[in-house]
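Structure record follows, encoded as structure tokens.
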Amino acid sequence: NGFDYWFTFILNPGVEPTNNRAERALRPHVVLRKILGTLRNSKGTAIHELIITALTTWGQRGLDCLQMLTIRLAS
């Protein structure tokens, strides 16, 4: 259940105590996925979630998403 990580934010001042920022960043993509309704199986949904999570994380870190995606696909 992740008990070892529950209080990481106390030991690390740079870590937020909630995942609200991450949830808010992914929310528009979740809404779009539900509206389109094109991902009707668990494999397609999992792939979509993985790609969107990576793109969102790279964007928040100030990295070039296209460059990072190209690197990942080439390896």
Quick one: which of Thr38, Thr70 is modelled with pLDDT under 80 and out of contact with any Leu (no Cβ under 8 Å at 6 or more places or on another chain)? Thr38
Considering only helices (runs of 4 or more DSSP H) fully contained in the range 7-75, which possess at least 3 residues that are touching a residue at least 60 places away in the same chain (Cβ under 8 Å), surrounded by 13 or more Cβ atoms within 10 Å (Cβ to Cβ) and in contact with a strand residue (DSSP E or B) (Cβ under 6 Å, 6 or more places away or on another chain)? none
Can you confirm whether the range 2-10 contains a residue that is touching an Asp or Glu at 6+ places or on another chain (Cβ under 9 Å) and more than 29 Å from Ile71 (Cα to Cα)? yes
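The values are calculated or read from the model by the stated rules, or taken from the named source; none is laboratory data. Everything numeric in this text was worked out from a predicted model, so none of it was measured. Ideal geometry is used to build each Cβ from the backbone, glycine not excepted, and the neighbour counts take in all protein chains shown.
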